[in-house]
Amino acid sequence: KVGDKAPDFELKDTNGNKVKLSDFKGKKVVLYFYPKDDTPGCTIQACQFRDNSDKLKRLNAIVLGVSPDNEVSHKKFADKFNLNFTLLCDTDKIVSKLYGVFEKKNFMGKESYGITRSTFIIESENIEKIFYKVNPKKSIEDVHEALKK
């Protein structure tokens, strides 16, 4: 919930390096969860973060994208779209479950589990803002407005 201490975690990035949330103390962290690399909505959202990276940096914010995809998939996705932020591999969905975004979904009458597109803004180790069921086309506007406050 907003105001809670953000759960710390450690995940591998596209190069196999271990990344911890606690590595970014003193910065605003835009932690966004997305379902799958190189799919239409996820690509739109990632490219918006890429295209607005200067604005986010001016607000002392860094972006971490999290999905259940592996390093190879993330590397292809990042290279294909020249992504300029860190993608993290949550292949076991541990962090997604920790943040409550791995949920039961219903698509055309079929139930399955997956990532609900969500964004958390974290500052001073606390969750400052949460966006659930994010619209990938509108995501960057919401994040930018929340960071300016």
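The values are calculated or read from the model by the stated rules, or taken from the named source; none is laboratory data. Here the structure is a predicted model, which is why all the values come from computation and not from measurement. We place every Cβ from the backbone using ideal geometry, glycine too, and count neighbours over all the protein chains shown. Heads up: the accessible areas ignore ligands, DNA and RNA and are worked out on the full protein's heavy atoms, side chains in. Shrake-Rupley method; radii C 1.70, N 1.55, O 1.52, S 1.80 Å.
Enumerate the pairs (first residue in the stretch 84-108 and closer than 19 Å to ASN15 by Cα and open to solvent by 70 Å² or more (accessible area, probe 1.4 Å); second residue anywhere and at pLDDT below 95 and in a helix (DSSP H, G or I)) with beta-carbon separation below 8 Å, excluding pairs fewer than 6 apart on the same chain, so at least 6 apart or on different chains.
Between residues of the stretch 84-108 that are closer than 19 Å to ASN15 by Cα and open to solvent by 70 Å² or more (accessible area, probe 1.4 Å) and residues that are at pLDDT below 95 and in a helix (DSSP H, G or I), the close pairs are ASN84/SER53.
Assess whether PHE49 counts as being open to solvent by 30 Å² or more (accessible area, probe 1.4 Å), aromatic (Phe, Trp, Tyr), closer than 28 Å to LYS25 by Cβ and touching a strand residue (DSSP E or B) at 6+ places or on another chain (Cβ under 6 Å).
It is false that PHE49 is open to solvent by 30 Å² or more (accessible area, probe 1.4 Å), aromatic (Phe, Trp, Tyr), closer than 28 Å to LYS25 by Cβ and touching a strand residue (DSSP E or B) at 6+ places or on another chain (Cβ under 6 Å).
I'm checking my understanding of the structure. Among residues of the stretch 116-139 that are more than 10 Å from TYR32 (Cβ to Cβ) and among the β-branched types (Val, Ile, Thr), which one is modelled with the lowest pLDDT?
Of everything passing the filter in the stretch 116-139, THR116 is modelled with the lowest pLDDT.
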